[in-house]
Amino acid sequence: MKLNVVIPCYNEDEVLHETNRQLTELVDSMIDDNLLTECDILYVDDGSDDKTWDVIEELQTTSPYVHGLKLAHNVGHQNALWAGLEQSVGKCDAVVSIDADLQHDIHRIPDMVLSYQAGYEVVYGIRNSRATDSKFKKRTALSFYKLMQKIGVDLIPNHADFRLLGKNALQALSEFPERNLFLRGMVRLLGFKETYVYFDCNERYAGKSKYSSRKMFAFALDGITSFSVWPLRIIYLIGLVCLGVSIAEMIYILVAYFQGRTIQGWASLLFSVWFLGGLLLFSVGVVGEYIGKIYKEVKRRPRYIIEKQI
Ligand code: UDP
Ligand code: MG
């Protein structure tokens with residue numbers, strides 16, 4: 001069988017030589033073991049500012065498996081990964097996606113391939129622990145998974161984008177038309193036969209995380225708003241409660257008015273002005289978030305633009 005490995009890279013020139021060395025070694029051994037007959041390692045340069053593309057070009061001339069895709073500008077991890085996956089549709093039996101920084105244990109790939117050969121179309125790589133994460137990341141990630149579960153989004157805790165997709169799953173995924181990508185949620189919707197592989201997450205081999213807190217937050221928000229209308233419903237409920245309270249208040253005001261005691265109430269008045277003002281702005285913001293999504297979807301702009309391919 002033929003395997004594709006897709007690796008999105010954003011400013012990863014420090015790690016790519018080592019990543020490619022280890023991957024090449026692994027693929028060689030998998031071919032020796034007759035697990036594979038062919039393999040393409042596809043590096044997707046997500047509009048890096050450093051020497052990432054030069055390194056990919058260099059690797060391509062020296063290594064038998066390497067291919068490269070250079071995106072014209074930075075479109076983010078999910079879109080870059082999508083670009084690589086789309087390139088692989090119809091060209092392989094299965095595709096594995098991994099990060100460039102060697103945090104995903106590539107030595108679990110043979111087990112993923114074995115699972116595929118045993119009939120599984122989707123194999124998730126799941127982290128054993130979050131020991132290599134900062135406290136902040138660990139905590140935010142866990143609360144994110146909990147929140148997603150509560151609002152009914154089906155995610156696998158501690159699974160990021162280290163996974164194998166068989167060709168049928170890949171084909172089905174590539175037909176999803178949406179622009180707001182949240183791949184780990186989308187794959188869950190496919191419904192193919194799936195299984196898991198556990199791995200120990202390593203430290204990043206070199207360089208810094210390319211997911212800033214800002215990107216992380218935006219990604220989490222994307223996950224929620226692309227998969228759930230729960231925030232809208234909450235606002236609707238809060239609105240209902242407010243309406244109930246205001247009706248009660250209206251009755252109270254009328255009674256007070258007719259009893260001739262209407263001077264007091266400055267504090268409660270000011271409070272309701274601020275509270276309702278805040279609530280309204282917040283609600284408009286949430287609705288705006290969804291409208292923004294719709295706006296992005298209807299424009300149907302390309303998810304990425306390819307500059308070069310080797
Ligand atoms: N990445 C990307 N585009 C971006 C940000 C990240 O292609 O805008 C890639 C990055 O090169 C890496 C993977 O996504 O291969 C995961 O990023 P990183 O390791 O920095 O995230 P972390 O592991 O810290 O969550
Ligand atoms: Mg990483």
Worksheet item: Restricting attention to the stretch 201-214, which residues are surrounded by fewer than 14 Cβ atoms within 10 Å (Cβ to Cβ) and either assigned to a strand (DSSP E or B) or in contact with a helix residue (DSSP H, G or I) (Cβ under 9 Å, 6 or more places away or on another chain) (or both)?
Response: 213
Worksheet item: From the list 165, 181, 142, which residue is among the aliphatic types (A, V, I, L, M), at pLDDT 90 or above and not in a loop (DSSP other than H, G, I, E, B)?
Response: 165
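Per-residue answers, yes or no, for (1) away from ligand 1 (no atom under 16 Å from the Cβ); (2) surrounded by fewer than 20 Cβ atoms within 10 Å (Cβ to Cβ); (3) aromatic (Phe, Trp, Tyr):
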| position | (1), (2), (3) |
| --- | --- |
| 150 | yes, yes, no |
| 157 | no, yes, no |
| 160 | no, no, no |
| 165 | yes, no, no |
| 173 | yes, no, no |
| 178 | yes, yes, no |
| 188 | yes, yes, no |
| 191 | yes, yes, no |
Worksheet entry | Residue list for the stretch 287-310, restricted to those being surrounded by 14 or more Cβ atoms within 10 Å (Cβ to Cβ) and assigned to a helix (DSSP H, G or I) | 289, 290, 293, 297
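Kindly indicate whether residue 45 is of a type in the set (Asp, Glu) and open to solvent by less than 20 Å² (accessible area, probe 1.4 Å). Before you say what the answer is, go through the steps one by one.
Details: of a type in the set (Asp, Glu): yes; open to solvent by less than 20 Å² (accessible area, probe 1.4 Å): yes.
Criteria met by residue 45.
Would you mind finding the one in 116, 124, 120 that is part of a loop (DSSP other than H, G, I, E, B), touching a residue at least 24 places away in the same chain (Cβ under 8 Å) and more than 10 Å from ligand 1 (Cβ to nearest atom)? Walk me through how you get there before you give the answer.
Details: 116 fails: part of a loop (DSSP other than H, G, I, E, B); 124 fails: part of a loop (DSSP other than H, G, I, E, B).
Answer to the selection: 120.
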Worksheet item: Do you know which of the residues in the stretch 58-77 that are in contact (Cβ under 8 Å) with a residue 40 or more places away in the chain and surrounded by fewer than 17 Cβ atoms within 10 Å (Cβ to Cβ) is nearest to the chain's Cα centre (by Cα)?
Response: 73
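Which residue, of 220, 206, is at pLDDT 90 or above, of a type outside the set (Phe, Trp, Tyr) and within 33 Å of the chain's Cα centre (by Cα)?
Values: 206 fails: at pLDDT 90 or above.
Sole residue among the options that is at pLDDT 90 or above, of a type outside the set (Phe, Trp, Tyr) and within 33 Å of the chain's Cα centre (by Cα): 220.
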Worksheet item: Conditions: (1) open to solvent by less than 10 Å² (accessible area, probe 1.4 Å); (2) within 16 Å of ligand 2 (Cβ to nearest atom); (3) farther than 29 Å from residue 295 by Cβ. Residue 183 meets all but one. Number of the miss?
Response: (3)
Worksheet item: Out of the residues in the stretch 79-112 that are within 15 Å of ligand 1 (Cβ to nearest atom), open to solvent by less than 10 Å² (accessible area, probe 1.4 Å) and touching a Lys or Arg at 6+ places or on another chain (Cβ under 8 Å), which is farthest from residue 128 (Cα to Cα)?
Response: 83
Worksheet item: Taking residue 135, is it of a type outside the set (S, T, N, Q), farther than 20 Å from residue 310 by Cβ and open to solvent by 10 Å² or more (accessible area, probe 1.4 Å)?
Response: yes
Discussion item. Would you confirm, using the coordinates I've provided, whether residue 46 is modelled with pLDDT of 95 or more and more than 22 Å from residue 211 (Cα to Cα)?
Written reply: no
Worksheet item: Just a yes or no: is a residue in the stretch 227-244 under 24 Å from residue 101 (Cα atoms), open to solvent by less than 30 Å² (accessible area, probe 1.4 Å) and not in a strand (DSSP E or B)?
Response: no
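Going residue by residue through the stretch 3-11, is there one that turns out to be more than 9 Å from ligand 1 (Cβ to nearest atom), among the hydroxyl-bearing types (Ser, Thr, Tyr), surrounded by 15 or more Cβ atoms within 10 Å (Cβ to Cβ) and not in a helix (DSSP H, G or I)? Walk me through how you get there before you give the answer.
Step one: list which residues in the stretch 3-11 are more than 9 Å from ligand 1 (Cβ to nearest atom), which gives 3-6.
When the remaining residues are screened for being among the hydroxyl-bearing types (Ser, Thr, Tyr), the result is none.
There is no residue in the stretch 3-11 that is more than 9 Å from ligand 1 (Cβ to nearest atom), among the hydroxyl-bearing types (Ser, Thr, Tyr), surrounded by 15 or more Cβ atoms within 10 Å (Cβ to Cβ) and not in a helix (DSSP H, G or I).
Using the structure shown, decide if residue 169 is free of Cβ contacts under 8 Å to residues at least 60 places away in the same chain, within 23 Å of residue 43 (Cβ to Cβ), open to solvent by less than 50 Å² (accessible area, probe 1.4 Å) and over 15 Å from the mean Cα position of the chain (by Cα).
So residue 169 fits the description; yes.
The values are calculated or read from the model by the stated rules, or taken from the named source; none is laboratory data. Quick caveat: nothing in here was measured; it's all calculated off a predicted structure. Using ideal geometry, Cβ is built from the backbone for each residue, glycine included, and neighbour counts are taken over all protein chains shown. All accessible areas refer to the heavy atoms of the entire protein, side chains included, with ligands and DNA or RNA removed. Shrake-Rupley method; radii C 1.70, N 1.55, O 1.52, S 1.80 Å.
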